[in-house]
Amino acid sequence: MASQEELLKEIEERKKVEAALRESEEKFRKIFENSAVAIMFADADERLVSWNKFTEDLLGMTPDDLNGKTLQSLYPAKEWEKIRALNVRKVGMAEHCETAILLKNGELLDVDISLSVLKDAAGNVTGSIGIARDISERKQSESRIQKKVNETVEKLMQAEYHLIQTEKMNALGELTASIAHELNQPLNVTKIISQSILRDIEKGRFSAEDAQKDLPEIVKQMNKMAEIIVHMRNFARGMANAREVQDLRTVVGNALVLMRQQFSNHQIELLESHSPEAPQVKIDPIQIEQVCMNLLNNARYAVEKAPKKEGMRVTIKTYFAPDKKHVVLEVSDNGQGIPEAAKPMIFQSFFTTKEPGKGTGLGLSVCRKIVEDHQGRVEFDSREGEGATFRVFLPMFGNGTLDAA
């Protein structure tokens, strides 16, 4: 039997424990009440049983509004699904998610919710504790930043579009003489036939047989002019074509329609070499034609500026790459070549080796952008004084690269 002294000691120890417990509870109560986050306790039926003052302030609710309120009623249906997904995975560790909670006035507030379950000694769930932090200011800040990013991206895209259009119109300006020549040929044929018809009519010898022979030729020449004009309009227009499967040789041919005479006028030999098999690619034909014209224009300038003025030559080729996955458009020249110091910069916007007023410095930059948008690449090799070769690699249609594009 314990002595009186032992009993007094035990009572004193118990009082100390109770005092420590009261002190601990008081500290917890102060933390709970004065916390700058919303803290909520719910029972096993997910009904609120306790909360701090910050919860009332955050939700704009009174104690009567919150008493017995279900957790589900605090969230919109889609957000409650997030909470339930956390609860079913609960294994005793706190989990959190960003969600939106309903305020008394019906508005939504962005919060970060941290959830934990409460269990008894037997491991049975007796309730849960949730801590909600207001993240609305952060979300608004993120939204403003994202808006600025979107606006910046839009401006960059517009600037890029205008750069491409500037280079395109610059190319058309350089081709004015060639285009005039291409239109002049069918005009002259039409004029000669029409003058012949008029003379025959004046002399009374124009017959129906003559009309059946001459008038279709006039229509043919007019159609040729119309095709050239339509092609110029398509090339110059702002909107890009939809991607379509094309024979790359056809795109090259369309570019040469507008450029061949220009090479002839400058006494530059223009050679062609194409794969006998049709190199099919899925492309915007107008954009790839622009790439072709830019490379040809650069090659023409390079041979004209070379010290050697005889035997000026530019070669354009299309063929299958060794990897059997790409089709290559190659333009080479025997011109002045690219200086070593300029090689790292030739694809930079506004960099040019041409004389002032002779180029925008956008050609190769635009070419690379267009080709990369087609999931391709541009390579070159050159030695100063020995010419240059540019190769455009485009994914071949049918190898799975662009089939679904």
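Any read-out appearing in this document is the output of simple, stated calculations on the displayed coordinates, not a laboratory observation. Computed from a predicted model, the values in this text were never measured in an experiment. No Cβ is skipped: glycine too gets one built from the backbone with ideal geometry, and neighbour counts run over all protein chains shown.
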For Val111, net neighbour charge (Lys/Arg +1, Asp/Glu -1) across residues whose Cβ lies under 10 Å away: -3
Distance between modelled label sites at Phe41 and Gln375, nm, 7 Å Cα→Cβ extension: 6.0 nm
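Under the definition of Cα pairs under 8 Å and six or more residues apart, what whole-number percent is the relative contact order of the stretch 35-134?
30 percent
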15 Å beta-carbon shell around Thr99, net charge (K/R +1, D/E -1): -2
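Lys and Arg at +1, Asp and Glu at -1: add these up for the other residues within a Cβ distance under 11 Å of Arg249 and post the number. Present the calculation step by step, with values, prior to reporting the outcome.
On the way: positive: Lys317; negative: Asp247, Glu272, Glu277.
Surrounding charge for Arg249 is -2.
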Label-point separation, Asp200 to Lys308 (7 Å along Cα→Cβ), nm: 5.3 nm
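Quick one: Leu58, Leu108, fewest Cβ neighbours within 10 Å first, how do they rank?
Arranged by neighbour count, lowest to highest, Leu58, Leu108 become Leu108, Leu58.
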Cα→Cβ-extended label distance, 7 Å offset, between Ile11 and Phe320, nm: 10.4 nm
